[in-house]
Each structure stands twice: as C-alpha cells, then as structure tokens.
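Single-structure report; data block below.
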Amino acid sequence: MNQRQQRIIIISGIILILVIFGASFFFATRSSNSNNATYTTHEYIDPASGDQVIDTTGKTPENGGSTTYTPTYYGMDELYNRGFSQDQVTAVRTFLNQYTTQQLEAGKTKIEKISLERETIAHTIDKDSGMSIYTLHLLINLSVAYTLTISSDGINPAKYALYAGSTATGTPVLQQ
C-alpha cells in the first residue's frame, strides 16, 4: 500500500468518525428537547394590578427558588413606589404566604395568584396613637377580595391583619 492510499484511508476514517459523532450529537439533543409536551402562551393584563402576565400552560411557574408553596404576586412593586423597603415588602409576602399555606393545609382552594390593587392603597396616621396605617386591597386568584392592613409606630415591628372582603372590618382571618 503506498502513501497516497494510506492518507486516503486515514482521511476517510476521520471523516467517518466526525459524521458518526455529529449524527449522534444531533439526535441526542433533538430527543432531549422534545418530550412530546405542547405549550401554549396566554398573555393578559392582570385586572387588579395592571401588570402584564404571560401564562404558559403545561409549564411549572417559577417560584423564586423557594421550596415551599408560594403564590405568584402581582403589583407588589407599587409598595416600593410608596416608600416600602425590600425587607418590608418581603415581610408582607411572608405574612401572605402564611395565609396561603394555612388555606392549603386546611384543604381549601389553592391560592395561586395574589394581586395588589395599586389604585386602592391608602395611608393614614392614627391621631390618637400616631400609628402609620397602610390599607391594601388584594384580589386572590383573580376573584376573591381581601383587605390587608399594616400598622407601624416606626419603632416596633409592623402589625399585619388580613380581612376577608373589601373592608378592614370584623375579625381578621389572619393577624400578626
């Protein structure tokens, strides 16, 4: 066998190996990306918060790294616009998460979405105690109205009370 034939055999072997690796890579990535699931995207404006929402059916929603059940929140960025700190917004979410977990453990309807009605945020100062009181109207799962009050004297931790309905009257369903 002369040198030219040896080179042709070596080059042919290298080409054959590259074709085999390329084909196996193509089919491996193709099969891992297709799990026979179909996804549809639905875009809408959340009626309470005004946030744009993109729902993809058939996909699990992001949970921000949380291992416990937490709903998706809409409109909470308005609290930053009203002067709330990151820690205060986190405390509001933590309080609401307690309620959603309580409802789930009681076998009630799973709370998937909590929307803050941006235009209804009210801030008052109690004349007698000097307490700063925020009243927030929430819409749970796009249909059930709740009212959250946050009271603070600026020194002690804030007090939270969640009421069923669109007013902060009666006995709170959860307070802290």
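The values are calculated or read from the model by the stated rules, or taken from the named source; none is laboratory data. Because the structure is predicted, anything quoted here is derived from the model rather than measured. All Cβ positions, glycine included, derive from the backbone under ideal geometry; neighbour counts span all protein chains shown.
Please pick out the residue among GLU117, GLU112 that is surrounded by 15 or more Cβ atoms within 10 Å (Cβ to Cβ), of a type outside the set (S, T, N, Q) and either closer than 21 Å to ASP51 by Cβ or more than 22 Å from the chain's Cα centre (by Cα) (or both). Unique residue meeting the criteria: GLU117.
So is ILE114 farther than 16 Å from LEU162 by Cβ, in contact with a strand residue (DSSP E or B) (Cβ under 8 Å, 6 or more places away or on another chain) and among the aliphatic types (A, V, I, L, M) or not? Taking the combined requirement at face value, the residue does not satisfy it. Residues that are surrounded by fewer than 12 Cβ atoms within 10 Å (Cβ to Cβ) and hydrophobic (A, V, I, L, M, F, W, C) within the range 92-109 comprise just one, ALA106.
Under the condition of being surrounded by 14 or more Cβ atoms within 10 Å (Cβ to Cβ), touching a residue at least 24 places away in the same chain (Cβ under 8 Å) and among the polar types (S, T, N, Q), the residues counted in the range 127-150 number 1. Of all residues in the range 73-91, those satisfying the criterion of being among the hydroxyl-bearing types (Ser, Thr, Tyr) and loosely packed, with under 14 Cβ neighbours inside 10 Å are TYR80, SER85, THR90.
Determine if the range 157-168 includes at least one residue that is surrounded by fewer than 16 Cβ atoms within 10 Å (Cβ to Cβ), among the hydroxyl-bearing types (Ser, Thr, Tyr) and either at pLDDT 95 or above or farther than 28 Å from VAL53 by Cα (or both). Checking the range 157-168: not a single residue is surrounded by fewer than 16 Cβ atoms within 10 Å (Cβ to Cβ), among the hydroxyl-bearing types (Ser, Thr, Tyr) and either at pLDDT 95 or above or farther than 28 Å from VAL53 by Cα (or both).
Only one entry in THR100, THR109 is among the β-branched types (Val, Ile, Thr), part of a helix (DSSP H, G or I) and free of Cβ contacts under 8 Å to residues at least 40 places away in the same chain, namely THR100. One residue stands out among those in the range 37-56 that are outside any strand (DSSP E or B) and of a type in the set (Ser, Thr, Tyr): the one that is farthest from the chain's Cα centre (by Cα), which is THR38.
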